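Notes follow the structure.
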Amino acid sequence: MRELGPNEILFILAAVRWTLLLSLVAFIGGALGGLLIALARTSELKWLRLLANGYIKLFQGTPLLMQLFLAFFVPGLFGWSVDPWMAAAIGLSLHASAFLGEIWRGAIEVVPRGQWEAATSLGLRYWPKMALVIAPQAVRIAIPPTIGFLVQLIKGTSLASIIGFVELTRAAQVINNATFRPFTIFALVAVVYYIICRPLSAYSKRMEQKLQVAAR
C-alpha cells in the first residue's frame, strides 16, 4: 500500500482521454447504426420495420453490462481475439445505435403529417422526401434528446472497466487498490464526470427550451 500523491492523481486524470475517446467512438458508431435503424423504423417495408423494432427491443431490454460481456467473450467462441478496447467500442456502439435509432425515429415521426403529404404531392419518393423535407426538420427536434443520450453514454463507459478497459473508473479502481483511499478517489472521479457532463446537460436543456418557445 502506498500514499495517494500527485502521480496517482495524474494517472486517474490521464485516463479521462480514454473515457472521452471511447464515448466519441461509441457515439459515432451508434449514430451510423442509429440512422439506419431510424430509417428502417419509418420505412414503407413492413419486414424492415419489424426487424428494426426487434433490434431496439433486444438492446433496450437487456443490461448494457451484459452486452459488454457478450461483445468481449462471444468472439472468442469463434476463435477471434478481441481486446477490451474493441469489445467496449463494439458493445457501446450497438447499445447507442438502438437508443439513437429510437430517438431519431421519434423525431422523424413528430414532423407534421402535412409536411409528408406536401412532399408526396410534389412527386417526391421516399428518399428524396426524407433527405430534402423531413430530415432537416427532424434534426432540429432530435438535438436535445441526442445530447441527453450522449451524457448517458459518457457515464455508461464506466462499465467498460468490468472487461478490463482502463478508462476513468478503471484507473480509479487501480489506484484505490494501491492506496485504499476510496472516498477521496471516487469523489474525484465523480467531480470529473460532473465537469464533463454538466455542460452537455445544460446545452440540451437550453435547446429543449428553445424548441418549446418556437412551438408556441
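Descriptive notes on the structure:
- You will find that of L24, L13, L94, the residue that is open to solvent by less than 80 Å² (accessible area, probe 1.4 Å) and under 12 Å from the mean Cα position of the chain (by Cα) is L94 and no other.
- Just one of (1) open to solvent by 80 Å² or more (accessible area, probe 1.4 Å); (2) of a type in the set (F, W, Y); (3) over 30 Å from R125 (Cα atoms) fails for F72. It is (1).
- Matching residues, region 62-117, being without any contact (Cβ under 8 Å) to a residue 12 or more places away in the chain and of a type in the set (S, T, N, Q): T62, S81
- Residue count, region 163-193 (criterion: assigned to a helix (DSSP H, G or I) and open to solvent by less than 70 Å² (accessible area, probe 1.4 Å)): 20
- Residue count for region 137-161, restricted to those that are open to solvent by less than 50 Å² (accessible area, probe 1.4 Å), among the aliphatic types (A, V, I, L, M) and either without any contact (Cβ under 8 Å) to a residue 60 or more places away in the chain or touching a Phe, Trp or Tyr at 6+ places or on another chain (Cβ under 7 Å) (or both): 6
- Region 40-69: number of residues that are more than 30 Å from A171 (Cβ to Cβ) and either open to solvent by less than 30 Å² (accessible area, probe 1.4 Å) or charged (D, E, K, R) (or both): 10
- Taking the conditions (1) β-branched (V, I, T); (2) open to solvent by 40 Å² or more (accessible area, probe 1.4 Å); (3) over 23 Å from M1 (Cα atoms) in turn, I196 satisfies each one other than (2).
- Filter result for E102 (loosely packed, with under 15 Cβ neighbours inside 10 Å and part of a helix (DSSP H, G or I)): no
- Put simply, of F11, F69, F27 the only residue that is assigned to a helix (DSSP H, G or I), of a type in the set (F, W, Y), within 27 Å of L150 (Cβ to Cβ) and in contact with a Gly (Cβ under 9 Å, 6 or more places away or on another chain) is F69.
The values are calculated or read from the model by the stated rules, or taken from the named source; none is laboratory data. Quick caveat: nothing in here was measured; it's all calculated off a predicted structure. All Cβ positions, even for glycine, are placed from backbone atoms using ideal geometry, and neighbour counts span all protein chains on display. What goes into the accessible areas is simple: the full protein's heavy atoms, side chains included, and nothing from ligands, DNA or RNA. Shrake-Rupley method; radii C 1.70, N 1.55, O 1.52, S 1.80 Å.
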